[in-house]
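Inspection log for the structure reproduced underneath, given as structure tokens.
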């Protein structure tokens, strides 16, 4: 069973995913400047999640989920047939791109923290 986090940083993960989904849905309508700022916000939220929310034994589970999500989101955002899907194809591509902007920085930070911990054992 998952442990409850004593800090409010677990909400950062949920907020980041919600922003990524909303950005993927309305990103094209906002214009490049607003979309750039929101993608930057997702990167910062990903760094916050990586530095503060994941530690110890849960880092292995987080890394496995991150790797799976990054592979799926990357393939989904690069897939040409996805753009041919009526109505929702372009939105799915935007959601995948925004999820990558959020999850990749968190995964990099957690991986570096794990490497650092392994080197000092």
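Just so it is clear, none of the values below were taken in a lab; they were calculated from the coordinates. Small disclaimer: the values here were computed from a predicted structure and weren't measured. Please note: Cβ atoms are built from the backbone with ideal geometry, for glycine as well, and neighbour counts cover all protein chains shown.
Taking every alpha carbon pair in the chain, what does the distance histogram look like in 10 angstrom bins from 0, in percent?
14, 40, 31, 13, 2, 0
Please order 58, 35 by the number of other Cβ within 10 Å, starting at the fewest.
Taking fewest neighbouring Cβ atoms as first place, the list is 58, 35.
Please rank 30, 63, fewest neighbouring Cβ atoms within 10 Å first, as an exposure proxy.
With the fewest neighbours first, 30, 63 line up as 30, 63.
For every helix of n ≥ 4 consecutive DSSP H residues, a contribution of -39,500 (n - 2.57) applies; sum these over the chain, divide by its total residues, and give [θ] at 222 nm rounded to the nearest 500 deg cm²/dmol.
-26500 deg cm²/dmol
Most exposed first by the Cβ proxy, i.e. fewest other Cβ within 10 Å, how do 102, 74, 62 rank?
The fewest-first ordering by Cβ neighbours comes to 74, 62, 102.
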